[in-house]
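The values are calculated or read from the model by the stated rules, or taken from the named source; none is laboratory data. As the structure is a prediction and not an experimental result, all values here were calculated from the model. In this analysis, Cβ positions are derived from the backbone assuming ideal geometry, glycine residues included, and neighbour counts consider all displayed protein chains. SASA here: full protein model, heavy atoms, side chains in, ligands and nucleic acids out. Shrake-Rupley method; radii C 1.70, N 1.55, O 1.52, S 1.80 Å.
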Number of protein chains: 2
Amino acid sequence: MLLCDIGNTFLHFYHKGRIWKEKPYALTKKKENLPIYYISVNERFERCLLASHPHCVNVNEHIELQTQYVGLGVDRKAACRAIDNGVIIDAGSAITADVMQEGVHIGGYIMPGLEAYRRMYSDISPVLNREIEPGVNLSILPQNTADAISFGVLKSVILMIKNTSRTKKLYFTGGDGKFFARFFENAIYDNTLVFKGMQKVLEKQI
Amino acid sequence: MLLCDIGNTFLHFYHKGRIWKEKPYALTKKKENLPIYYISVNERFERCLLASHPHCVNVNEHIELQTQYVGLGVDRKAACRAIDNGVIIDAGSAITADVMQEGVHIGGYIMPGLEAYRRMYSDISPVLNREIEPGVNLSILPQNTADAISFGVLKSVILMIKNTSRTKKLYFTGGDGKFFARFFENAIYDNTLVFKGMQKVLEKQI
């Protein structure tokens, strides 16, 4: 069984403990007899997968989560299913934060992803078209434009996560998850979180 | 004497205590004999002003500020000149924060403006194309997409400003300055801050 998580930038695959990502318009050929169980938040990229492989099963509807949240993305639901207690941060195209308590989803919020921040600054003014510097010093006030932007992005995301976490354990996933995890003591990075949640559900239901 | 602050969205004018903004390609005709002293961070919009009025004086170079910050925008410099002690937040196309202490600029940072955030979310995914809801409850975790976005934007900006301010007084200016000021006890909203700084400098130098 091959698992796939279709996001807004990449398709992420999981097979026998191995994880990798592919671009939607450059998908590799998979073994024909291997069924792909997938979740998707992007219809266009979903069609790319369906066109390239005969045995695909959309399991969006099977990913159930106890929550009052209306419209929670299926990838967030899957990651939350993997964790009973803690804060799940998925840092990809967007940065989502979701709080789980005793297996119940308490709520969550959405920040832009790092690449979205970078594009946003360059849209405001060409002067602000700078890379986000991961090593910027977050404990002293910036003294130039590049640092002022990196500080503005990274510190605001980190303060938000700190404010949500308090004593709760943090679980990071997604492309920039590893990077953000290093700012927190009570953090675990696990890039298979969505797939662990999918597996947990599928083992019960399929 | 007419003052003008050319930003990345609007041209802001100041005359005899009155303040107003105009779009760069729809500038009204001003009295021909009235000189316009202006600062600018946008060359294209600066040319719009120069094309529409004969007596314009660029005073960018006169706006000096004691600082180690390299590349500080002239509008930020002008606003800082108006305040000797405190944090100056200019919430416009971008949200800038600058700390002044005994007339010296200590440093500052740049976050995206509210409109930039809104555009950015819709770029990530059409599902995230929502207005930022100013009344969102910031003390409970969101339970739907619109709140999750508004919470992500507003709370991250507010936590950053709180973290910078601590016991310092906050001075808000810019199009969204009034909105953000209401989240803080130690805050003053003054949409003439840039012009006050310009006046202070010009009275001395011209």
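Going through the DSSP H helices of chain B, which span 24 Å or more along their own axis at the Cα atoms while scoring at least -1.0 as a mean Kyte-Doolittle hydropathy? Within chain B the helices that satisfy the rule are B:145-165. Relative to the other identical copies, B:GLY103 shows label-point distances of 6.7 nm, where the label point lies 7 Å from Cα along the Cβ direction and values run shortest first. If you take all other residues with their beta carbon under 12 Å from the beta carbon of B:ASN129, and give Lys and Arg +1 and Asp and Glu -1, the sum is +1. Sorted from nearest, the other copies put their A:GLU115 label points 2.7 nm away, the label point being 7 Å from Cα in the direction of Cβ. Could you quote the convex hull projected area for the stretch B:1-57, Cα atoms only and averaged over all directions, in nm²? Approximately 3.4 nm², given one-decimal rounding. Measuring between their Cα centroids, the stretch A:77-103 and the stretch B:126-185 lie 22 Å from each other.
Between the amide H of A:GLY174 and those of A:ALA91, distances stay under 5 Å, these residues lying 5 or more places away or on another chain, with hydrogens modeled in the peptide plane. Relative contact order, whole percent, for the stretch B:1-57 stands at 37, derived from Cα pairs under 8 Å and 6 or more residues apart. Every pair of different Cα atoms in the protein assembly as shown enters the Kirkwood calculation, which places the hydrodynamic radius at 23.2 Å.
If you run the Gaussian network model on chain A, springs between alpha carbon atoms under 10 Å, then out of A:GLY103, A:GLY71, A:GLY174 the most flexible one is A:GLY71.
With distances taken between every two different alpha-carbon atoms, chain B has a Kirkwood hydrodynamic radius of 18.1 Å. Projected over every direction and averaged, the convex hull enclosing the alpha-carbon atoms of the stretch A:153-206 yields 4.4 nm².
Between chain B and chain A, roughly 3300 Å² of accessible surface gets buried, counting both sides and using a 1.4 Å probe. For chain A, averaging the sequence separation of C-alpha pairs within contact (under 8 Å, six or more residues apart) and dividing by the residue count gives a relative contact order of 19 percent. With a 10 Å cut-off around each Cβ of B:136-147, the average count of Cβ atoms from other chains is 4. Taking 32 Å as the limit for the C-alpha separation, the pairs A:LYS178/B:LYS178; A:LYS162/B:LYS200; B:LYS77/B:LYS155; B:LYS16/B:LYS155; A:LYS31/A:LYS162; A:LYS30/B:LYS155 exceed it in the case of A:LYS178/B:LYS178; A:LYS162/B:LYS200; B:LYS16/B:LYS155; A:LYS31/A:LYS162; A:LYS30/B:LYS155.
Peptide A:118-131 has a mean of 5 when you count, residue by residue, the C-beta atoms of other protein chains within 10 Å of its C-beta. Take B:ARG18, move 7 Å from Cα toward the beta carbon, and the resulting point lies 7.3 nm from the same point in each other copy, nearest first. Remark: the protein assembly as shown carries 46 Å² of accessible area per residue (probe radius 1.4 Å; ligands, DNA and RNA excluded). Of the GluC sites (Glu not before Pro) found in the stretch B:102-206, the ones in coil according to DSSP and having at most 14 other Cβ atoms within 10 Å of their Cβ are B:GLU102, B:GLU131, B:GLU185. Shielding of peptide B:90-103 by partners, expressed as the average count of other chain Cβ atoms within 10 Å per residue Cβ, is 2. Stokes-Einstein diffusion of the stretch A:77-175 at 4 °C, 1.567 mPa s viscosity, Kirkwood radius from Cα pairs, rounded to a whole number: 89 µm²/s.
Within the shell of other residues whose beta carbon sits under 15 angstrom from the beta carbon of A:ASN58, the net charge comes to -3, with Lys and Arg scored +1 and Asp and Glu -1.
Counting only protein heavy atoms and a 1.4 Å probe, tell me what percentage of the protein assembly as shown's accessible area is made up of carbon and sulfur.
That share works out to 49 percent.
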